[in-house]
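Here the structure comes first, spelled out in structure tokens, and everything after it is commentary.
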Amino acid sequence: MVANWKMNNTLGQSVVLAQEISNRFNSGYEDKVDVVICPPYIGIKPVKTVFDFDKCKISLGAQNVFYEKSGAYTGEISVEMLSELGCMYCIVGHSERREYFGETNNDVNRKAKALISGKIKPIICVGESLYVRENADPQAFVLAQIDAAFAGMDAFEAKECCIAYEPVWAIGTGRTATPEVAGEMCRSIRVKIAELFGDDIASNMRILYGGSVNVGNIDALIAQEDIDGALIGNASLQADSFASLFKACL
Ligand code: PGA
């Protein structure tokens, strides 16, 4: 279960929320569900400090990274910098980054490869817009995003990745894909990964669903065979609702 806090929570608010989440994550859960929190960059270290102090086995992730190692890239953060903060995961290609910051499929591919070489697991986001869902072939669109994101990777690199299928029309809108629609797309993604890298890699890959996941729909989503977890925005900003989401996986 991955919490994407997006551009929410100041430093102080991040620490408070991390403490509330830590209080709800009992030691018995850690073998049953992998939980990842992705705060804004400035919250990563303080949130990790809270979890380390509590010996809470929740991992940290970032919401973005730049693929170059260092240099004159004002405003950017490198893989090594994230690694130094204790990040184990990083979201790449979120639809908000694609839409507002011009992130391309090629950027996603370069970022994913840079993360893997720095031993951070990319959470690669794919998903079609409402226009594509209503007027074109959403499956072909999403599988083309998968092809592009994994271009030039070998099986050893691919096995480090997770995928999040997030239909753009369902993000932050309160509109969720039905469990069947979400499950079917996740199935197609897994078949595609099997074609590219073999059955073993495909069956072990974590494929998440994201887009208005909440306490009311998590059970039906997670019951789908090819949905292994969720990438959660809004519902991850309150400790109680996020806790009921990760408890749904137990
Ligand atoms: P949402 O966001 O749960 O608020 O729809 C999901 C995401 O963007 O990852």
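Quick look at the numbers
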item: Net charge, Lys247 excluded, C-beta distance under 10 Å - Lys, Arg +1, Asp, Glu -1; result: +2
item: Efficiency of FRET between Tyr131 and Ser244 - r from beta-carbon atoms, R0 30 angstrom, step 0.05; result: 0.35
item: Sequence of Trp5, Trp169 from largest to smallest accessible area, 1.4 Å probe; result: Trp169, Trp5
item: In nm, spacing of pseudo-spin labels at Lys119 and Tyr100 (7 Å Cα→C-beta vector); result: 3.3 nm
item: Residue-normalised accessible area of region 2-247, given per residue in Å² at a 1.4 Å probe; result: 47 Å²
item: Reach of Lys247 by Cα under 17 Å, taken over aspartates and glutamates that are not fewer than 8 positions away in the same chain; result: Glu20, Glu30, Asp31, Asp34, Asp219, Asp228
item: Projected label distance in nm at Ala144 and Lys32, using a 7 Å step from Cα toward the beta-carbon; result: 4.3 nm
item: Calculated FRET value between Thr173 and Glu76, using beta carbons and R₀ = 30 Å, to 0.05; result: 0.50
item: Charged-residue dipole, Cβ positions (Lys, Arg, Asp, Glu), the chain about Cα centre, Debye nearest 20; result: 560 debye
item: Under 25 Å from the Cα of Lys119 - lysines, other chains or at least 8 residues apart; result: Lys6, Lys32, Lys45, Lys48, Lys55, Lys57, Lys69, Lys111, Lys159, Lys192
item: Euclidean distance between Cα centres, region 96-142 to region 162-213, Å; result: 12 Å
item: Cα-based radius of gyration of the chain once divided by 2.2 N^0.38 Å, which approximates compact folds; result: 0.95
item: Within the accessible area of the chain (1.4 Å probe), percent carbon and sulfur; result: 51 percent
item: Estimated inter-spin distance, Leu196 and Tyr41, nm [label 7 Å along Cα→Cβ]; result: 2.7 nm
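The values are calculated or read from the model by the stated rules, or taken from the named source; none is laboratory data. In this text, all values refer to a predicted model and were calculated from it rather than measured experimentally. Glycine also receives a Cβ, built like all others from the backbone with ideal geometry; neighbour counts cover every protein chain displayed. For accessibility, only protein heavy atoms count, side chains too; no ligands or nucleic acids. Shrake-Rupley method; radii C 1.70, N 1.55, O 1.52, S 1.80 Å.
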